[in-house]
C-alpha cells in the first residue's frame, strides 16, 4: 500500500503556479464569451449601443485570495452602467448576465 504525505508548502506552490493561473484564465475567458453572447446591446434610442457588450474584461494575478497566495482570474464589465444591467433598478429588471454566464460556462 502506498503512503501519501501532504506538503503544505507544495500545495501553496501549486495554487500559485503558472498552470493553475492558466486554467483560471481559460475558465474566465469561457465565462466572458458566454457573457458577451447574452449581453444586451440596446435599442435605437440607446445613447451608447453595444457599450456594455464590448466592456467585458478578464484579468489575472498570482496574488489572489484572502491571503494573496494563489492564482486567480476575474471577469468584469467596465461599463459605467454594468451594475444596473446585472442587478436592475426600480424601473428596469435585473438581467444577471454575469451570474448566468458563470453558471453555464464556469464549471467544466
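The values are calculated or read from the model by the stated rules, or taken from the named source; none is laboratory data. These figures come from a predicted structure and were not determined experimentally. All Cβ positions, even for glycine, are placed from backbone atoms using ideal geometry, and neighbour counts span all protein chains on display.
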Check your understanding: What is the one condition in (1) surrounded by 12 or more Cβ atoms within 10 Å (Cβ to Cβ); (2) modelled with pLDDT of 90 or more; (3) part of a helix (DSSP H, G or I) that residue 9 does not satisfy?
Key -> (1)
Practice item. Say whether the condition of being free of Cβ contacts under 8 Å to residues at least 40 places away in the same chain, in contact with a helix residue (DSSP H, G or I) (Cβ under 7 Å, 6 or more places away or on another chain) and loosely packed, with under 15 Cβ neighbours inside 10 Å is met by at least one residue in region 82-96. Key: yes
Revision key, fill the gap. Subset of region 53-81, residues farther than 12 Å from residue 24 by Cβ, in contact with a strand residue (DSSP E or B) (Cβ under 6 Å, 6 or more places away or on another chain) and surrounded by 14 or more Cβ atoms within 10 Å (Cβ to Cβ), comes to 55, 56, 76, 77
Check your understanding: Only one residue in 35, 102, 22 is out of contact with any strand residue (DSSP E or B) (no Cβ under 6 Å at 6 or more places or on another chain), assigned to a helix (DSSP H, G or I) and in contact (Cβ under 8 Å) with a residue 24 or more places away in the chain. Which one?
Key -> 102
Review point. What single numbered condition from (1) on the phi < 0 side of the Ramachandran plot; (2) without any contact (Cβ under 8 Å) to a residue 24 or more places away in the chain fails to hold for residue 56?
Key: (2)
Practice item. Only one of these is exposed (fewer than 12 other Cβ atoms within 10 Å of the Cβ), over 10 Å from the mean Cα position of the chain (by Cα) and under 21 Å from residue 97 (Cα atoms): 43, 50. Name it. Key: 43
Study note, to complete from the structure: Counting only residues that are surrounded by fewer than 18 Cβ atoms within 10 Å (Cβ to Cβ), modelled with pLDDT of 95 or more and touching a helix residue (DSSP H, G or I) at 6+ places or on another chain (Cβ under 6 Å), region 97-108 contains a total of 0
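Considering every residue within region 39-48, establish whether at least one is assigned to a helix (DSSP H, G or I) and touching a helix residue (DSSP H, G or I) at 6+ places or on another chain (Cβ under 9 Å). Talk me through it step by step, then tell me what you get.
The initial filter retains those residues of region 39-48 that are assigned to a helix (DSSP H, G or I), namely none.
No; the residues of region 39-48 include none that is assigned to a helix (DSSP H, G or I) and touching a helix residue (DSSP H, G or I) at 6+ places or on another chain (Cβ under 9 Å).
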Study note, to complete from the structure: Note on region 83-95: residues touching a strand residue (DSSP E or B) at 6+ places or on another chain (Cβ under 9 Å) and at pLDDT below 95 are 85
